Amino acid sequence: MAENKTKPTESSVTDFIYSVADETKRDDSFQLIKLISDSTGLQPKMWGPSIVGFGTYHYTYESGRKGDAPLVGFSPRANALTLYLAAYYDWKEDMLEKLGKHKKGKGCLYVKKLSDVNLDILNEMIAASIAHIKSKYPTSD
């Protein structure tokens, strides 16, 4: 079975964020770090070259694939801030309606800028995503 490419690294989160060319994405990234750290008590860590992750959990899929992943993470991509949340939890659609301007993927939320979304709702979604993951998988945090 293939090894996961996205793993925690010793790279500096601060250096990574300062390397983001777009000033709004850079500022929003620092704001996200503060929001997530303050609400979860977890500290940011680089996962691979471009994901800022918080916490760790170990998963095993029905296929037998195993690995570790951050409980929640984000990446300041070229087109949007990409937030990595649990793909499934019961009330997600209701919360998404209240969130503000965004796009969604299976386990990702895409936000152009944080000023487009309700940060209280985003914070609730992050907390619910982490609770959902912790209810299903063992965590290191």
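For K5, go through the lysines and keep the ones whose alpha-carbon is under 17 Å away, minus same-chain ones fewer than eight residues off.
Leaving aside lysines fewer than 8 places away in the same chain, those within reach of K5 are K45, K66.
Keeping every protein chain in place, order I33, I126 by accessible area at 1.4 Å, biggest value first, i.e. largest first. Mind dumping the intermediate values first?
Details: I33 25, I126 0 Å².
Per-residue accessible area, sorted high to low, gives I33, I126.
Using just the helices of the chain, give the 222 nm mean residue ellipticity in deg cm²/dmol: DSSP H runs with n ≥ 4 each add -39,500 (n - 2.57), and the total is spread over all residues, rounded to 500. Could the numbers behind the result be given before it?
Working: 4 runs with 50 residues, N = 141.
When only DSSP H runs of four or more count, the value is -11000 deg cm²/dmol.
Using a 1.4 Å probe on the protein chains only, how many percent of the accessible area of the range 3-141 belongs to carbon and sulfur?
Values: 3800 of 7800 Å².
Using a 1.4 Å probe with all protein chains present, the range 3-141 comes out at 49 percent carbon and sulfur.
Starting from the 7 Å offset along Cα-to-Cβ, what nm value, one decimal, do you get for the label separation of K66 and K134?
For K66 paired with K134, the spin-label model returns 2.4 nm.
Using the Cα centre of the chain as the reference point, and only Cβ charges (+1 on K/R, -1 on D/E), how large is the resulting charge dipole? Debye, rounded to the nearest 20. Display every interim value, and only then the final one.
Values: 19 positive and 18 negative charges, 81 e Å.
It works out to roughly 380 debye.
HN-Hα J couplings of the range 124-130 from phi, Karplus 6.51/-1.76/1.60, θ = phi - 60°, integer Hz, Gly and Pro as x?
With the stated coefficients, the range 124-130 comes to 5, 5, 4, 4, 5, 4, 5 Hz.
Using the heavy atoms of the protein chains alone and a 1.4 angstrom probe, what is the accessible area of the range 31-129 per residue in square angstrom?
Heavy-atom SASA per residue in the range 31-129 reads 51 Å².
With Cα Rg over 2.2 N^0.38 Å as the read-out, I listed (1) 1.10; (2) 0.92; (3) 1.01; which label goes with the value calculated from this structure?
Here the calculated entry is (3).
In the range 1-65, what chymotrypsin sites (Phe, Trp or Tyr not before Pro) fall in a loop by DSSP, with at most 14 other Cβ atoms inside 10 Å? Working shown, then result.
Numbers: sites: F16, Y18, F30, W47, F54, Y57, Y59, Y61; in loops: Y61.
Those satisfying the criteria are Y61.
Sort out the exposed loop trypsin sites (Lys or Arg not before Pro) in the chain (DSSP loop, at most 16 other Cβ within 10 Å) and tell me the longest stretch that has none.
Numbers: sites that count: K5, R65, R77, K101, K106, K112, K113.
The segment 6-64 is the longest one with no such site.
In terms of Cα to Cα distance under 20 Å, which lysines are near enough to K101, apart from those fewer than 8 places away along the same chain?
K25, K92, K112, K113
Could you state how much accessible area E124 has, in square angstrom rounded to the nearest 10, with a 1.4 Å probe and all protein chains kept in place?
100
When only Cα pairs under 8 Å and 6 or more residues apart are kept, what is the percent relative contact order across the chain? Kindly include the intermediate steps, with their values, before the conclusion.
Details: 218 pairs, mean separation 32.5, N = 141.
In percent, rounded to a whole number, it is 23.
The values are calculated or read from the model by the stated rules, or taken from the named source; none is laboratory data. Please read all numbers here as calculations on a predicted model, not as lab measurements. Positions of Cβ are generated from backbone atoms using ideal geometry, with glycine treated the same way; all protein chains shown enter the neighbour counts. Side chains are part of the model used for accessible areas, which takes the heavy atoms of the whole protein and leaves out ligands, DNA and RNA. Shrake-Rupley method; radii C 1.70, N 1.55, O 1.52, S 1.80 Å.
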